[in-house]
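Chemist: One structure coming up, written as structure tokens, with questions to follow.
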Amino acid sequence: MKYVHVGVNVTKINESIEFYSKVFGVEPVKSKSNYAKFLLDKPGINFTLNLKDEVRGNQVNHFGFQVETAEEILSHKKRLEKEGFFARDEMNTTCCYAVQDKFWVTDPDGNEWEFFYTKAESEIEDNTCCTG
């Protein structure tokens, strides 16, 4: 397998292209009036935006990127804040039976993206995490 594919329905294609170009750090490889495609090699993801008149309900809890170091979290957070995003951070938090450093950004349609680094495993589950 080369790529994981994720297709997201959006109502604001231009705003979404701008958001994801900044989050991913690359421009889409294909961009139309109702569609955009990003191909990322690391992580391997084929990510598409599909314009819809309306998006109701959220069938997805959230999306995320797991990084390899605590420094990488701070680097991505700083990079995205420079792009004008508010990054809600949760440093040294227990979530999903792990101690993590993380932050969140939200796309124009309300989908949340989590950048996280797992510092240690935990026997505790904080059920308020990963809820946006």
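Chemist: Mind pulling the angle between the C-alpha long axis of helix 13-24 and the longest principal axis of the chain? Nearest 10 degrees, somewhere in 0 to 90.
Modeler: 40 degrees
Chemist: Now, a different point. Would you please give the FRET efficiency between residue 121 and residue 52, computed as 1/(1 + (r/R0)^6) with r the Cβ-Cβ distance and R0 = 30 Å, to the nearest 0.05?
Modeler: According to the calculation, E is roughly 0.15.
Chemist: Right, another one. Quick one: which residues, 5+ away or cross-chain, put their amide H under 5 Å from the amide H of residue 99? H built at 1.01 Å from N.
Modeler: Excluding prolines and chain starts, which carry no amide H, the hits are 119, 120, 121, 122.
Chemist: Rounded to two decimals, what is Rg over Rh for the chain when you use alpha-carbon atoms and the Kirkwood radius?
Modeler: Taking Rg over the Kirkwood Rh, I get 0.97.
Chemist: How big is the gap, in Å, between the Cα center of the range 86-111 and the Cα center of the range 46-84?
Modeler: The range 86-111 and the range 46-84 have Cα centres spaced 10 Å from each other.
Chemist: Could you work out how much longer the chain between residue 70 and residue 34 gets when fully extended? Use 0.36 nm per residue separation minus the Cα distance between them, nm to one decimal.
Modeler: 9.3 nm
Chemist: With each label point set 7 Å from Cα along the Cα-Cβ vector, what nm distance links residue 2 and residue 81?
Modeler: Reported label-point gap for residue 2 and residue 81 is 3.8 nm.
Chemist: Arrange the peptides 31-41, 17-27 so that the one whose residues have, on average, the most other Cβ atoms within 10 Å appears first.
Modeler: So the peptides 31-41, 17-27, ranked by packing, come out 17-27, 31-41.
Chemist: While we're looking at this one, here's another question. Suppose each label sits 7 Å from its Cα in the direction of the beta carbon; what would the residue 91-residue 62 distance come out to in nanometres?
Modeler: Output for this residue pair reads 1.7 nm.
Laboratory data are not the source of any read-out in this text; all were calculated from the coordinates shown. Fair warning: this is a prediction, and the values are worked out from it, not measured in the lab. In this analysis, Cβ positions are derived from the backbone assuming ideal geometry, glycine residues included, and neighbour counts consider all displayed protein chains.
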